[in-house]
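Notes to accompany the following structure.
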Amino acid sequence: MDVLMPQLGETVAEGTLTIWHKAVGDTVETGELLFEIGTDKVEMEVPSPVGGTIRAINVEAGATVEVGAVLAVIDDGKGEAAAPSAAPETEPKPAPAAAPGLVPAPPAPSNTPARDSNLKLSPVVRKLVAENNLDPSQIPGSGRDGRIKKSDVLAFLKGAPAVPAAAPEPAQQSGHGKTVIPFNRIRQITAEHMVLSKTVSPHVAQGIEMDFSRIDRVRKEKGAAWKEREGFSLNYLPFIARAACDAIAEFPNINAHVEGDNLVVYDQVNLSIAVDLNFQGLVAPVIQNASAMTAVEIARAVADLAGRARSGQLTQEDYHGATYTISNNGSFGTLYTTPIINQPQVAILSTDAITKRPWVVNVDGEDMMAIRPIGVLTQSFDHRAIDGAYSAAFLRRLKEIIETKDWAAALP
């Protein structure tokens, strides 16, 4: 049986195999850990799909190959195994050469602690261990057979005595008063994804102002008790997310993707939330079936995903199946943002700063000025999938929900 490089996400076309846990000639049981895939975002353990004897390994650890490439061949006793000399469907990609004139990265520090040769460490874990001058034999591993995972190192660091942080690697210099900063893996993937999105989807952006008074009132009345009970602040995002799910129920074509000449519309909203990793990159984990959640449940899910994203504890399942995305820039005071669509979705919503501004209100039939918390929500949409009128009607309904819903009843 051929063992293939698994699909890492709807838009991910390749992955890096970091560790083999078996060798040619070894026997393996169904479900036993076979190999691992590691990136800056996630470490993924891949079990064997069948039991049998490994007849061939076609891709060495450290190679980057396309999804679907044949990584190994297992003789499961049910048929003739492929020849051990079978070549991988996709040649491993060589490491990129350094640009001319750049200073090569310095070698690993000589004080890096010695590691037990029997410990199998992924590149991500190895880097964390070296940067923090740790002895891996002292770190309890929660992976299979006691293997150390990234989350184990982070947990160890929280409880371990403070260790002087390793000096950051010097930025690569090109001279002439310029500094060249190589993209990290997350930035590389983000760049590729954003260019692809702008190439594939004809983007149109629309924004709408709205009054957040009802939500603001609930936050003021119940925010302190919420933080004491839940351990984190109650912001506007879960209310906006719940309102977006309500509006999508009436405008379902927002929650879809384009497939050839067809629009594939989803029954439930799997809500992707953009999370900034301390300016080192951006990830967008997913709240599964957010359309069936209350604002309270969405708030807890957002806090959980954001916390695990920033501590490196997300799994590949946390990125799967997104149908609509919200990007939240409001904490930085932005007026409006025109976000790039998260492929293969057809729309993305940006939430920006909500600030007190003069606002016209109607009191007993008379227009009056009042000070209200006002913000702009901006949606970018794929013009192949929907037109401006449809998106505008969705935004109008979103505004109505935010401004008129009894949010106090939605929050205990």
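Based on Cβ point charges of +1 for Lys and Arg and -1 for Asp and Glu, what charge dipole magnitude is obtained for segment 171-310 about its Cα centre, in debye rounded to the nearest 20?
700 debye
Enumerate the amide H contacts of Ser201 below 5 Å, restricted to partners 5 or more residues apart or on another chain; note that Pro and chain-start residues carry no placed amide H.
Residues meeting the criterion, in which the H sits 1.01 Å from N, do not exist here.
Please list, in order along segment 210-215, the HN-Hα scalar couplings obtained from phi with the Karplus expression 6.51 cos²θ - 1.76 cosθ + 1.60 (θ = phi - 60°), rounded to whole Hz, x for Gly and Pro.
8, 9, 9, 4, 5, 5
Compute for segment 188-410: radius of gyration divided by Kirkwood radius, i.e. Rg/Rh, restricted to C-alpha atoms, rounded to two decimals.
We get a ratio of 0.96 for segment 188-410.
Which ³J(HN,Hα) values, rounded to whole Hz and listed in residue order, are derived for segment 290-297 from phi using the Karplus coefficients 6.51, -1.76 and 1.60 in 6.51 cos²θ - 1.76 cosθ + 1.60 with θ = phi - 60°, glycine and proline given as x?
Along segment 290-297, the couplings run 4, 5, 9, 9, 7, 4, 5, 5 Hz.
Starting from the Cα of Lys356, draw a straight line to each of the aspartates and glutamates and keep only those under 20 Å, dropping any in the same chain fewer than 8 residues away.
Partners within reach: Glu209, Asp211, Asp216, Glu221, Asp367, Glu400, Glu403.
Using a 10 Å cut-off around each Cβ, can you sort Lys149, Lys220, Lys178 from fewest to most neighbouring Cβ atoms?
Lys178, Lys220, Lys149
Using the beta-carbon distance between Glu32 and Asn362 and R0 = 60 Å, what value does 1/(1 + (r/R0)^6) give for FRET efficiency, to the nearest 0.05?
0.30
To the nearest 0.05, how large is the calculated FRET efficiency for Ile371 and Ala23 if R₀ is 51 Å and r is the Cβ-Cβ distance?
0.15
Could you calculate the contour length gain from Arg185 to Glu66, that is, 0.36 nm times the residue separation minus the distance between their Cα atoms, to one decimal place in nm?
Result for the pair: 41.2 nm of gain on full extension.
May I ask which residue of Ile215, Val265, Met293 lies farthest towards the positive end of the charge dipole of segment 188-410, with charges of +1 (Lys, Arg) and -1 (Asp, Glu) on Cβ and the Cα centre as origin?
About the Cα centre, the residue reaching furthest to the positive side is Ile215.
Using 1/(1 + (r/R0)^6) with R0 = 22 angstrom and r between the beta carbons of Ala225 and Gln280, what's the FRET efficiency to the nearest 0.05?
0.05
Using Cβ counts within 10 Å as a stand-in for footprinting exposure, how do Met369, Met210 rank, fewest first?
Met369, Met210
Could you give me the ³J(HN,Hα) list for segment 55-68, computed from phi with Karplus coefficients 6.51, -1.76, 1.60 and θ = phi - 60°, whole Hz, x at Gly and Pro?
Computed from phi, the couplings for segment 55-68 are 9, 7, 10, 8, 10, 7, 4, x, 7, 9, 9, 6, 4, x Hz.
Please rank His176, His193, fewest neighbouring Cβ atoms within 10 Å first, as an exposure proxy.
His176, His193
Report, by chain and number, residues whose modeled amide H sits under 5 Å from the one on Asp26, excluding near sequence neighbours (fewer than 5 apart, same chain).
Ile54
Mind computing the radius of gyration and Dmax over the alpha-carbon atoms of segment 243-328? Å is fine for both.
13.5, 41
Rule-based calculations on the coordinates, nothing more; no lab input. Predicted model, so just to flag it, every value in this text is computed and none were measured. Positions of Cβ are backbone-derived with ideal geometry, glycine not excepted, and every protein chain shown enters the neighbour counts.
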